[in-house]
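Read through the structure below, which is laid out as structure tokens, and then see the notes.
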Amino acid sequence: MTGRILVTGATGFIGSFLCRRLVADGIKVRATILSAERPSAITNLVAEPVFVEPLGAGTKWEHALAGVETVIHLAARVHVMDDQTADPLTEFRTVNVAGTAQLAREAARAGVRRLVFASSIKVNGEESAITYRPESPPNPSDPYGISKWEAELELRKVEAETGMEVVVVRPTLVYGPGVKANFLELMKVVSLGIPLPLANIANRRSLIYVGNLVDILAVCASHPAAAGQTYLVSDGEDVSTPDLIRRVAAALGVTPRLLPFPVALFRVAGKLFGKSSAVSRLTGSLAVDSAKLRGELGWLPPYSMAQGLRETAEDFKSRN
């Protein structure tokens with residue numbers, strides 16, 4: 001049993017699941033809440049709340065870190081579509097790089113034993129015909145991915161200078177009850193029976209159910225072999241885009257409507273309408289190898305993709 005854990009980003013999609021999981025395991029959990037969020041943010045919080053200012057180079061953490069043995073750092077400026085910020089990279093660096101480095105330095109000074117960092121598969125890249133592994137060279141291509149890679153580098157510096165253990169976890173696309181953004185939009189389209197010209201796509205994509213992700217985060221918080229490691233995580237069941245649509249449809253109890261359309265023309269259309277990135281996510285491959293987790297930590301996903309999609313679909317139907 002590990003000592004008290006501080007979870008940053010505790011009110012977010014992943015953070016709320018993680019706090020419930022850790023508390024259920026009998027672990028003392030302290031959850032960060034942005035001062036501007038009070039008091040509504042703690043309505044459904046199961047952990048001990050602690051109020052902090054937004055992530056940045058000057059954020060004060062001493063009160064939040066008192067008596068903490070492990071930090072699981074989820075808080076971040078997240079990737080957003082069509083970011084209208086004048087200088088997105090600077091904004092991402094302020095929060096994700098400088099803010100993470102500041103937390104790590106204060107954690108080390110407070111005597112924290114280990115920091116588990118939720119990074120992103122975007123550190124490796126956006127699309128690849130070759131399966132990514134932990135040793136694959138970083139190739140981030142957008143401001144979010146760049147900031148996550150630079151944050152990893154800062155954490156390794158703090159680890160080398162202080163001896164505080166750092167574990168980096170790079171999730172693939174996360175789904176589960178309450179999911180938003182692209183996955184939510186996909187469920188809406190599938191549930192409405194809208195025809196999708198995606199039947200010809202033969203790619204491979206890795207995803208991870210939020211229940212599997214919080215499980216590996218919990219393991220990484222305490223397993224001795226995890227110290228100093230970087231792990232790529234997924235459900236272990238890679239799917240093509242049309243296969244994912246079929247699985248989502250089955251979970252929703254609807255019939256998928258997939259139409260054939262040449263993939264090359266699909267990509268051309270994406271360029272013409274300024275949607276190349278969106279088309280790449282639909283047609284390209286992004287798969288990871290989680291064998292290192294199995295070998296070093298003996299970890300297996302506690303939920304299958306079918307179970308994860310079923311839970312996600314049931315939540316979606318209850319809200320719509």
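The values are calculated or read from the model by the stated rules, or taken from the named source; none is laboratory data. Because the structure is a prediction, the values reported are computed rather than measured. Glycine gets a Cβ as well: all are built from the backbone with ideal geometry, and neighbour counts include every protein chain shown.
Structure notes:
- The set of residues from segment 249-293 being within 22 Å of Pro138 (Cα to Cα) and among the charged types (D, E, K, R) comprises Arg281, Asp289, Lys292.
- Taken over segment 94-108, residues that are in contact with a strand residue (DSSP E or B) (Cβ under 8 Å, 6 or more places away or on another chain) and either surrounded by fewer than 17 Cβ atoms within 10 Å (Cβ to Cβ) or under 11 Å from Ser147 (Cβ atoms) (or both) amount to 1.
- Only one of Gly56, Gly67, Gly111 that is free of Cβ contacts under 8 Å to residues at least 12 places away in the same chain and out of contact with any strand residue (DSSP E or B) (no Cβ under 6 Å at 6 or more places or on another chain): Gly111
- For Pro177, the conditions (1) in a helix (DSSP H, G or I); (2) of a type outside the set (D, E, K, R); (3) within 18 Å of the chain's Cα centre (by Cα) all hold with the exception of (1).
- Considering residues of segment 1-33 that are surrounded by fewer than 16 Cβ atoms within 10 Å (Cβ to Cβ) and of a type in the set (A, V, I, L, M) only, the residue nearest to Val78 (Cα to Cα): Ala24
One line per residue, one yes/no per condition, for (1) of a type in the set (A, V, I, L, M, F, W, C); (2) modelled with pLDDT of 95 or more; (3) surrounded by fewer than 16 Cβ atoms within 10 Å (Cβ to Cβ):
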| site | (1), (2), (3) |
| --- | --- |
| Ala218 | yes, yes, no |
| Ser234 | no, yes, no |
| Ala264 | yes, no, yes |
| Gly284 | no, no, no |
| Ala287 | yes, yes, no |
| Pro301 | no, yes, no |
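- Neighbours by Cβ (under 8 Å, 6+ apart or cross-chain): first from segment 239-250, on the phi < 0 side of the Ramachandran plot and of a type in the set (D, E, K, R); second part of a helix (DSSP H, G or I) and surrounded by fewer than 22 Cβ atoms within 10 Å (Cβ to Cβ): Arg247/Ala306
- Hits in segment 185-210 - residues which are part of a helix (DSSP H, G or I) and crowded, with 16+ Cβ neighbours inside 10 Å: Leu186, Met187, Val190, Ser191, Val210
- In this structure, Glu91 does not qualify as closer than 22 Å to Asp238 by Cα and either of a type in the set (A, V, I, L, M) or surrounded by fewer than 18 Cβ atoms within 10 Å (Cβ to Cβ) (or both).
- Single residue of Val268, Val248, Val279 found to be buried (at least 20 other Cβ atoms within 10 Å of the Cβ) and either of a type in the set (A, V, I, L, M, F, W, C) or modelled with pLDDT under 95 (or both): Val248
- Residue match in segment 77-85 (condition: under 25 Å from Val219 (Cβ atoms) and at pLDDT 95 or above): no
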